[in-house]
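All remarks here apply to the structure that follows.
The values are calculated or read from the model by the stated rules, or taken from the named source; none is laboratory data. Everything quoted here is computed from the prediction, not taken from an experiment. Virtual Cβ from ideal backbone geometry, glycine too; neighbours counted across all protein chains shown.
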Amino acid sequence: MKKIYIYTSLTIIIVSSILVYFYQKYFGLTIDAYETALNSFIVSLVVLVVTVIVINLLFSHHHAKTNDKKEQNDYIEVLKESHNSLVFKLKTYIITFVTKEMAMSSSDGNNELKHNIELTDLKDQLDQYITSDFVTKGIKVTKAGEVNLFDFNDIQLKHTEWVMDNNNEILASIHKYLMLYSKLMPNNILKLLVEIELIITQKSVFMIPDIKSFQNEMNKSILDDQSLKVIKIQLAQMINKIIEFETSV
């Protein structure tokens, strides 16, 4: 961009100097003529510089939009399946966390797994799930048998046990995804994934200070209205980010 201004200015100066020389040599120039020419030159220079800036800005904007679209298309083409896999894990995580039951899914018309509850519905139903005993209620999960893997059993995990295990698991999935594919991600997708990670690691609803002492306190605790409000806000933020991440491709 700077080169354009330099070249334009030099060209104007050279052409103007040549014109002044020829006019002075063959026609002669009075002081009034010099003043008029100078005013005209300044106006023309300003108009030209503004025109060059506007054209350059329009070109840069178009070029940036073209690059963004190409990055988005390349990401979708190469990583759509991996993207959808991470989306499925994120949705399973948040649905189980909120409902206190293992997220269920079934095959859709394209033989792809789809959760039985939509995240938009989950966000609308937060009042139903986030009650005063939210942190004292266990989370129902299905575990494979130790001897026979197909001998499934339903068990109840304490809130803190589930959160600690699954936070580590989902964060590991996010970190692996970032490590493998960050160079291929458009900025908007990279930004969303980092924001999801920050919510899990920084928002109080997902954090466990001290697993043993904290669980003992939580087992006795009943959430007040203010705490419930904070939890719902943070969960709604998480759900919104996952929805945005899912629909970004």
- Please go through segment 182-210 and pick out each residue that is part of a helix (DSSP H, G or I) and of a type in the set (A, V, I, L, M, F, W, C). Leu184, Ile189, Leu190, Leu192, Leu193, Val194, Ile196, Leu198, Ile199, Ile200, Val205, Phe206
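Show me the strands (runs of 3 or more DSSP E) entirely contained within segment 112-181 in which 3 or more residues are more than 30 Å from Glu77 (Cα to Cα) and at pLDDT below 90.
Working: elements: 113-115, 139-143, 153-157.
Because the criterion is at least 3 residues that are more than 30 Å from Glu77 (Cα to Cα) and at pLDDT below 90, the strands (runs of 3 or more DSSP E) in segment 112-181 that meet it are 139-143, 153-157.
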- Within the set of pairs 6+ apart or on separate chains, which have a first residue in segment 222-249 that is touching a residue at least 24 places away in the same chain (Cβ under 8 Å) and within 19 Å of Thr92 (Cα to Cα), a second that is basic (Lys, Arg) and surrounded by 16 or more Cβ atoms within 10 Å (Cβ to Cβ), and C-beta atoms under 6 Å apart? Gln234/Lys203; Ala236/Lys123; Ile239/Lys123
